[in-house]
Amino acid sequence: MTSNTRVVVIGAGLAGVRLARRLGELGTPTLLVGEEEHPPYNRVLLAEVLAGRYAPEVIGLPAPEGLLRARVTGIDRGARTVECADGTSIAYDTLVLATGSNPVLPPLRGLFTPDHQLPEGVHAFRTLDDCLGLAKAVRPGVRAVVIGGGLLGVSAARALAVRGAQVVLAQQAERLMERQLDPDASRLVLRHLTDLGVEVHTECRVRDVRCVAGAVRSVEMSDGYALDADLVVLACGVRPRTGLAEQAGLAVHKGILVDDALRTSDPHIHAVGDCVQHDGTVYGLAAPALEQADALAELLAVDPDARYSGTRSLTRLTLTGPGSPFDLAAFGETEARPGDDVVRLADATRGTYRKVVVRDDRLVGGVLVGELGTVGALARAWEGAEPLPSDGGPLLHLLTNDGGS
Ligand SMILES: Cc1cc2nc3c(=O)[nH]c(=O)nc-3n(C[C@H](O)[C@H](O)[C@H](O)COP(=O)(O)OP(=O)(O)OC[C@H]3O[C@@H](n4cnc5c(N)ncnc54)[C@H](O)[C@@H]3O)c2cc1C
């Protein structure tokens, strides 16, 4: 069977759904093809589902019209069709790849069963299915090991601890969320997790997953130390999902290469979201994915000269659970170079920390933990990249005045 639609979008995640909805609103017929069994949902909120705070329906995205559940297995660029796993083929005038990321599976001995599956009890943390699998297995007292101490690992550890699991987090780097946070802010995240009963091991490399009858029993560190485990969460980062693009012969480096028109090396194929590399950057974050989707909708339906010039994106994480929520935000460069000016306000009792880095009168980065009232004003000053007044007063004002968020 061959159907005919003008724009076909592959991937019903944050970027694909946003693009299809915008195009629909702008009167451009769009077919959105997504492989996941569940109606589209907001992946950013999966930890809240795992923590038991939200039911899965709560994180649903407003579904666009024209959603087809199918896995696309190939692109025939000559015929301008895509092939699906069920044997159907779909014709396109313009194709958009919004295929997202895959979790990175670390090179651990014993990670795969002989039939190349993850052992029982070992889960990635990317999809609603991963999350429901984990939620089903977690019970008070269950021993869980989270491998990876970035944003994903920290959210997973917190959610599992809130559900009563005994959680050990194994982080290879010397501190938590080292890509986004400076050492002081990392320490506050560490304290927050430890207060919840999470045992955090830094500079710790897991080497082995030990199983009995296909189910995980323990993990072993590179120093030979073994930790009993009923559950293991792999939170070792993500990698753009570029397989379809590569098979079709599109230019791919770390992600699918796109220009400012979000066009791949084939002028009939665009790409948006986590799968994309734009101007050297693979973002892997929600805000750029949504901005790219908006820019492409404008370009395809309104103004062919519309362009995307990159996103100055803030990383935000809210860890909710018992007690007050723990918020953090980080943007740009959070560690100063020689010659930079740094303003830092810390309150150990309240567990709050605010820091900004200024270079040549411009705000180049900052990190806020526990107290995010000023994040809006700071983000605007950073995004605008305007020179800051030189007496330092307004900067302190930006850090302390929460009226601008
Ligand atoms: C637990 C978790 C927490 C996160 N927290 C944050 C956060 O706090 N802040 C933040 O900015 N970002 C966060 N992220 C990252 C954010 O979710 C992603 O940046 C965002 O989802 C990217 O959107 P996307 O549409 O490009 O990809 P995705 O949302 O991954 O969607 C891609 C979709 O394409 C489908 N697909 C792929 N290939 C095919 C195919 N061949 N056929 C059919 N369908 C296909 C996939 O199944 C998937 O549904 C988090 C991610 C996770 C997993």
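Thinking of region 1-70 as a set of Cα atoms, what percent of all their pairs are more than 19 Å apart? Summing the P(r) of region 1-70 above 19 Å gives 36 percent of all pairs.
Toward the positive end of the charge dipole of the chain, with +1 on the Cβ of Lys and Arg and -1 on the Cβ of Asp and Glu, the farthest Cα among VAL167, GLY34, GLY243 is that of VAL167.
Bridge orientation summary for region 168-324: considering DSSP beta bridges with both residues in this region, about 65 percent are antiparallel. Working note: Karplus 6.51/-1.76/1.60 with θ = phi - 60° gives region 91-99 the couplings 8, 9, 8, 10, 10, 10, 8, 9, 8 Hz, where Gly and Pro are set to x.
Each Lys and Arg Cβ is given +1 and each Asp and Glu Cβ -1; about its Cα centre, the chain then shows a dipole of about 760 debye. Its Kirkwood hydrodynamic radius, worked out from the mean inverse distance over all distinct Cα pairs, puts the chain at 22.7 Å.
For the chain, give me the percentage of DSSP beta bridges that are antiparallel, rounded to the nearest 5 percent.
On the way: 47 of 84 bridges.
Bridges in the chain that DSSP calls antiparallel: roughly 55 percent.
Amide H contacts of VAL238: VAL104, each under 5 Å away and 5 or more positions distant or on a separate chain (H built 1.01 Å from N in the peptide plane; Pro and chain starts excluded). Ordering of 301-314, 41-54, 339-352 by packing is 41-54, 301-314, 339-352, highest average first (other Cβ atoms within 10 Å, averaged per residue).
3J(HN,Hα) along region 299-305: 5, 7, 10, 10, 9, x, 8 Hz, from the Karplus curve 6.51 cos²θ - 1.76 cosθ + 1.60 with θ = phi - 60°, whole Hz, x for Gly and Pro.
Sorted on the mean count of surrounding Cβ atoms within 10 Å across their residues, most packed first, peptides 231-239, 149-157, 166-174 read 149-157, 231-239, 166-174. Basic side chains Lys and Arg get +1 at the Cβ, acidic Asp and Glu get -1 at the Cβ, and with that the dipole of region 5-119 about its Cα centre reaches some 320 debye. Taking the alpha carbon gyration tensor of region 224-293, multiplying each eigenvalue by 5 and rooting it gives semi-axes of 32, 14, 10 Å, largest first.
Throughout, read-outs are computed from the coordinates displayed, never taken from laboratory work. Keep in mind that this is a model prediction, so the values were computed, not measured. In this analysis, Cβ positions are derived from the backbone assuming ideal geometry, glycine residues included, and neighbour counts consider all displayed protein chains.
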